[in-house]
Amino acid sequence: MKKKVMAGALVTSIMFSGQAYASDYVVKSGDSLWKIANNNQVSVSNIKSWNNLTNDLIFPGQKLVLKAGGSASQPAPTPSEPTSRTYTIKAGDSLSKIAKDHQTTLANLLKLNPSITDVNRIYVGQKINVAAPSNQTPGQPVTPTPSPSQPEQPKTNTYIIKSGDNLSSVASRHGVSLNALLSANPSIKDANRISIGQVINIPGNAISNPGNDSSWEAKADAIIETGKKYLGAKYLYGASTNRTDAFDCSSFTVRVFAENGINLPRTSAQQGNVGKEIPLSEIRKGDLVFFDTEGDGVINHVSIVTDPNTLLHAATSTGVAFSSYNTYWKPRAVKAVRVL
């Protein structure tokens, strides 16, 4: 009888101890963190915390740790685990440059980011892991300091080549000579061979965007005006981003933002991880709003906000057109981001 009482007490202790037990979940095609969280009665932030995820990107076959009861706290990392923080890719960045700025090697940077399989395929707004110095509090920004033995290099700005640009016009607009511009970009061997989306260095003594209003509102207006050029273009799923006669929703946003010097990734789900997420109640012109039109937890549409009640997008039923946000679309909106 005594043994039975002790066994019963042990079971009761386990049941009511409040400890959350972990299990593996294998990501399936069509899954999203939002969908997995809903199905397992936990929050997206729980899943990201338990799996050290820095963004919402997951892929089929990936194993995620799920814990029973969303209140379980994540075990503290062991001393052998590297302390890391997130870094957001900016225009002009390369993985080699980021590694150098954070006083590490490209190999170590790739170890912290196993999802990066091609060092040349990164995009503006992408979040990656970088190692924090041992004296750096996790989550605090790292400010690289020049080596005491070397003089600090002169600062340079960057500029993204747009449609209609040539190096002479870019130099003139920034108040520098063509030779100075070429000297700041030794990788350019032929001044006549530049491409849209190419990032170039502008010498530090240049005038930054002379004569242009750099406010977010001016950029938003420019993006909307660019999008209006394509009103009436037909909808074509999977359309090339080089086409201007047909678009799908994300090729349209790629094209419109690229013509204004901002590179976006190709799909709507990827674009949802660019920039700063904002509440849907605070959208303004120039923001991107993302939708789940099938109710399966997967982002499958993106639109440009022209005002809090109006969208500009490439929709399956209308092609490139304006639409009212407050009708069909608002109940299906799941996320908004600001890239300006």
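The values are calculated or read from the model by the stated rules, or taken from the named source; none is laboratory data. Please read all numbers here as calculations on a predicted model, not as lab measurements. No Cβ is skipped: glycine too gets one built from the backbone with ideal geometry, and neighbour counts run over all protein chains shown.
Points worth noting:
- Residues of region 62-78 satisfying the condition of being surrounded by fewer than 17 Cβ atoms within 10 Å (Cβ to Cβ) and modelled with pLDDT of 80 or more: Gln62, Lys63, Val65
- Conditions (1) in a helix (DSSP H, G or I); (2) among the charged types (D, E, K, R); (3) within 22 Å of Phe59 (Cβ to Cβ); number of the one not met by Lys330: (3)
- Against the numbered list (1) on the phi < 0 side of the Ramachandran plot; (2) within 18 Å of the chain's Cα centre (by Cα), Gly261 comes up short only at (1).
- Considering region 40-54, and only residues there that are part of a loop (DSSP other than H, G, I, E, B) and among the hydrophobic types (A, V, I, L, M, F, W, C), the residue that is nearest to Thr86 (Cα to Cα) turns out to be Leu53.
Listed here are the residues, each with its yes/no results for (1) more than 22 Å from Asn201 (Cβ to Cβ); (2) at pLDDT below 80; (3) surrounded by 15 or more Cβ atoms within 10 Å (Cβ to Cβ); (4) out of contact with any helix residue (DSSP H, G or I) (no Cβ under 7 Å at 6 or more places or on another chain).
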site: Ser80; (1), (2), (3), (4): yes, yes, no, yes
site: Ser84; (1), (2), (3), (4): yes, yes, yes, no
site: Ile89; (1), (2), (3), (4): no, no, yes, yes
site: Lys97; (1), (2), (3), (4): no, no, no, yes
site: Asp101; (1), (2), (3), (4): no, no, no, yes
site: Ala107; (1), (2), (3), (4): yes, yes, no, yes
site: Asn120; (1), (2), (3), (4): no, yes, no, yes
site: Val124; (1), (2), (3), (4): no, yes, yes, yes
